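Accompanying notes for the structure given below.
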Amino acid sequence: MLEKRTEEIQSILAECMGAGVKVQKLSSVSGGSINEAVKAETSKGLFFVKWNHAGKYPGMFEAESKGLKLLADAGEIQIPKIIVSAERGETAFLVLEFMDRGKPVGSFWDDFGRSLARLHKHTCERFGLDHDNYIGSLSQSNAQHEIWTDFFIRERLEPQIRLAKNNNRIGKSAIQQFDNLFNRLPEIFPDERPSLLHGDLWNGNYLVSAKGKPVLIDPAVYFGHREMDLAMTRLFGGFDAQFYQAYNAEFPLEKDWKRRVDICNLYPLLVHVNLFGESYLTQVEEIIKQF
């Protein structure tokens, strides 16, 4: 299998780097639950290459490339350099610079918190984005809205609820409780400008560079309420306390933000219900029963 990929990867690299590039070795690495990935050693350096089925996930890597570029152009935190996104037959490829891993330096969490806060200061007029993308293997609508709670309901929660309902993973009672929550959301969230978000910021989607600095990977970018990113960092174990202290020092959070963490995390939890099954529904129901 890797022999075939060697030819394809060499062809893709040759198109953007010239015919002189040669793939010398491919080594399997983790690429997430839906991708295969390798470290490609070539005559032009090291690259991270991942691929999946282009027909099953149309436009996924193109959208990821756009998201990475948005984050990189903000200039606040390190992002892997995008080499190329391409397709060969039924297979889509994304080639990025290969990031050597290191250990966090003493200021790692302070740097991470402040960098994310500065990223969140990048704003635009409306919540959403000018193109759709993915979160995991699920499509993510970024249709733009003037009001955060409209966007959160229409483009984040309702599509996941519909999908869960269609797959018999959520019942009528929970759906009714969501309706009750929707009526209260405008009074729960403070008004803030749209922030440029990573969009899927759990502890599996950052790296520590060889220099001990934070690097963001695998985004699901959009302009949203910044508490969405902060909430997701707390979903699967949380980041170091210094991260939150540094963030708050750089870009103070609104009062009672921790009370909104569970509401923000309804979106990734519903995504997990739809991707991995009903085991995550209990957490969803515990949150929405309060409303």
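The values are calculated or read from the model by the stated rules, or taken from the named source; none is laboratory data. As the structure is a prediction and not an experimental result, all values here were calculated from the model. Cβ placement follows ideal geometry from the backbone for every residue including glycine, while neighbour counts extend to all protein chains displayed. In case anyone asks, the SASA skips ligands and DNA or RNA and just uses the protein heavy atoms, side chains included. Shrake-Rupley method; radii C 1.70, N 1.55, O 1.52, S 1.80 Å.
Of all residues in the range 68-84, those being within 20 Å of F243 (Cα to Cα), over 16 Å from the mean Cα position of the chain (by Cα) and crowded, with 19+ Cβ neighbours inside 10 Å number 1. Yes or no: the range 44-57 includes at least one residue that is in contact with a helix residue (DSSP H, G or I) (Cβ under 6 Å, 6 or more places away or on another chain), open to solvent by less than 50 Å² (accessible area, probe 1.4 Å) and in a strand (DSSP E or B). The answer is yes, given that some residue of the range 44-57 is in contact with a helix residue (DSSP H, G or I) (Cβ under 6 Å, 6 or more places away or on another chain), open to solvent by less than 50 Å² (accessible area, probe 1.4 Å) and in a strand (DSSP E or B).
Looking at the range 100-120, is at least one residue under 16 Å from H225 (Cα atoms) and free of Cβ contacts under 8 Å to residues at least 40 places away in the same chain?
Going residue by residue through the range 100-120, those that are under 16 Å from H225 (Cα atoms) are 116-120.
Subset that is free of Cβ contacts under 8 Å to residues at least 40 places away in the same chain: none.
No, because not a single residue in the range 100-120 is under 16 Å from H225 (Cα atoms) and free of Cβ contacts under 8 Å to residues at least 40 places away in the same chain.
Got at least one residue in the range 31-43 being within 28 Å of H131 (Cβ to Cβ) and either more than 25 Å from the chain's Cα centre (by Cα) or among the basic types (K, R) (or both)? No, that holds for no residue. Restricting attention to the range 85-94 and to residues that are open to solvent by 30 Å² or more (accessible area, probe 1.4 Å) and not basic (K, R), the residue that is nearest to E227 (Cα to Cα) turns out to be S85. Quick one: E187 ticks every box in (1) open to solvent by 30 Å² or more (accessible area, probe 1.4 Å); (2) under 19 Å from E286 (Cα atoms) bar one, so which box is it? For E187, the failing item is (2).
For the range 144-181, which residues satisfy the criterion of being assigned to a loop (DSSP other than H, G, I, E, B) and farther than 17 Å from G199 by Cβ? If you could, list the steps in order and put the result at the bottom.
If we filter the range 144-181 for residues that are assigned to a loop (DSSP other than H, G, I, E, B), which is where we start, we get 144, 146-147, 167-171.
Hits for the range 144-181 are E146, I147, N167, N168, R169, I170, G171.
Do we have any residue at all in the range 95-112 that's in a strand (DSSP E or B), crowded, with 18+ Cβ neighbours inside 10 Å and at pLDDT below 95? Within the range 95-112, none of the residues are in a strand (DSSP E or B), crowded, with 18+ Cβ neighbours inside 10 Å and at pLDDT below 95.
Going by the conditions given, is I153 surrounded by 15 or more Cβ atoms within 10 Å (Cβ to Cβ) and in contact (Cβ under 8 Å) with a residue 40 or more places away in the chain?
Numbers: surrounded by 15 or more Cβ atoms within 10 Å (Cβ to Cβ): yes; in contact (Cβ under 8 Å) with a residue 40 or more places away in the chain: no.
Taking the combined requirement at face value, the residue does not satisfy it.
Of all residues in the range 62-94, exactly one satisfies the criterion of being without any contact (Cβ under 8 Å) to a residue 60 or more places away in the chain, part of a helix (DSSP H, G or I) and over 18 Å from Y206 (Cα atoms), namely E62. Among residues of the range 166-180 that are under 19 Å from R156 (Cβ atoms), those with a Cβ under 8 angstrom from a residue that is of a type in the set (F, W, Y) and open to solvent by 40 Å² or more (accessible area, probe 1.4 Å), sequence gap 6+ or separate chain, pair up as Q177/F291; N180/F291.
Of the strands (runs of 3 or more DSSP E) that lie entirely inside the range 197-291, those containing 1 or more residues that are open to solvent by 30 Å² or more (accessible area, probe 1.4 Å) and either closer than 23 Å to G171 by Cα or in contact with a helix residue (DSSP H, G or I) (Cβ under 9 Å, 6 or more places away or on another chain) (or both) span 206-208. If you scan the range 9-43, which residues turn out to be in contact with a Lys or Arg (Cβ under 6 Å, 6 or more places away or on another chain), part of a loop (DSSP other than H, G, I, E, B) and either open to solvent by 50 Å² or more (accessible area, probe 1.4 Å) or of a type in the set (A, V, I, L, M, F, W, C) (or both)? V21, S43 - these are the residues of the range 9-43 that are in contact with a Lys or Arg (Cβ under 6 Å, 6 or more places away or on another chain), part of a loop (DSSP other than H, G, I, E, B) and either open to solvent by 50 Å² or more (accessible area, probe 1.4 Å) or of a type in the set (A, V, I, L, M, F, W, C) (or both). When P190, P186 are checked against the criterion of being assigned to a loop (DSSP other than H, G, I, E, B) and more than 23 Å from the chain's Cα centre (by Cα), a single residue qualifies: P190.
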